[in-house]
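Below is one structure; the comments refer to it alone.
The values are calculated or read from the model by the stated rules, or taken from the named source; none is laboratory data. Predicted model, so just to flag it, every value in this text is computed and none were measured. Cβ atoms come from the backbone with ideal geometry, glycine included; neighbour counts cover every protein chain shown. Side chains included, ligands, DNA and RNA excluded: accessible areas come from the protein's heavy atoms. Shrake-Rupley method; radii C 1.70, N 1.55, O 1.52, S 1.80 Å.
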Amino acid sequence: MKFYFCGSIRGGRQLAPVYKEIIGLLQAHGKVLTEHLGDDQEIISKDRILTDKEIHDRDLHWIVDSDLVVAEVTVPSLGVGYEIGRAIHMGKPVLCLFNGGEGQALSAMIAGSKDVEVREYGHGQVLKDIVTTFILKHTRLYKQ
Ligand code: 6IA
């Protein structure tokens with residue numbers, strides 16, 4: 001199974017350790033096409049040599065190639081929002097993981113979309129359970 005993981009880059013890197021944790025959970029079930037998103041050094045070394053157009057086109061190809069899309073949406077990011085919209089348009093199952101604190105609300109365009117599965121984590125809800133349930137649900141659907 002191939003996963004496209006989305007997480008903020010230019011929107012802010014404060015949750016990079018969480019991205020790394022989610023990528024690790026996904027890697028137990030298959031290949032993560034964007035495994036560099038958990039690692040600042042990887043992003044800088046791999047993508048500094050690419051133009052924005054090359055990054056955009058490569059990432060869109062990876063979304064096309066993926067089976068499931070998992071996005072961490074706590075840090076607002078234009079790129080992540082754009083990728084979610086494109087993935088929905090391609091008919092990909094999309095899981096959005098959100099861990100909002102006091103006064104922090106998820107965009108209505110994600111929270112109100114029937115085309116994505118939004119799961120809050122961090123309040124007793126364990127990331128591993130949420131991610132595994134999403135993968136198993138869609139693995140079963142593929143096998144039917
Ligand atoms: O708007 P953002 O930069 O926060 O968008 C982040 C999202 O867009 C991620 O889910 C990525 O898949 C994608 N993305 C945006 N920029 C890049 C990038 N290089 N490399 C890989 N994916 C990207 C940025 C250049 C780097 C030297 C800082």
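See the values below:
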quantity	calculated
Filtered trypsin sites (Lys or Arg not before Pro), region 80-144: DSSP coil and at most 14 other beta carbons within 10 Å	K114
Charge tally in the Cβ shell below 10 Å around I22, where Lys, Arg are +1 and Asp, Glu are -1, I22 excluded	0
Low-density loop cleavage sites - GluC sites (Glu not before Pro) in region 102-131, where at most 10 other Cβ are within 10 Å (DSSP)	E102
Euclidean distance between Cα centres, region 1-75 to region 100-116, Å	20
For region 18-94: rounded, prolate or oblate by the Cα gyration tensor [a/c cutoff 1.5]	rounded
Net dipole in debye of the chain [+1 Lys, Arg Cβ; -1 Asp, Glu Cβ; about Cα centre; nearest 20]	380
Integer Hz, Karplus 6.51/-1.76/1.60 couplings in order for region 53-61, x for Gly and Pro	5, 5, 5, 4, 5, 4, 5, 5, 4
Value of Rg to Rh for region 1-47 (Rh from inverse mean 1/r over Cα pairs, i.e. Kirkwood)	0.95
Cross-link pairs beyond the 23 Å C-alpha cut-off, checked among K92/K128; K53/K128; K20/K114; K53/K137; K92/K137	K53/K128; K20/K114; K53/K137
Sequence of V32, V118, V126 from largest to smallest accessible area, 1.4 Å probe	V126, V118, V32
Share of Cα-Cα pairs in the chain lying beyond 28 Å, as whole percent	12
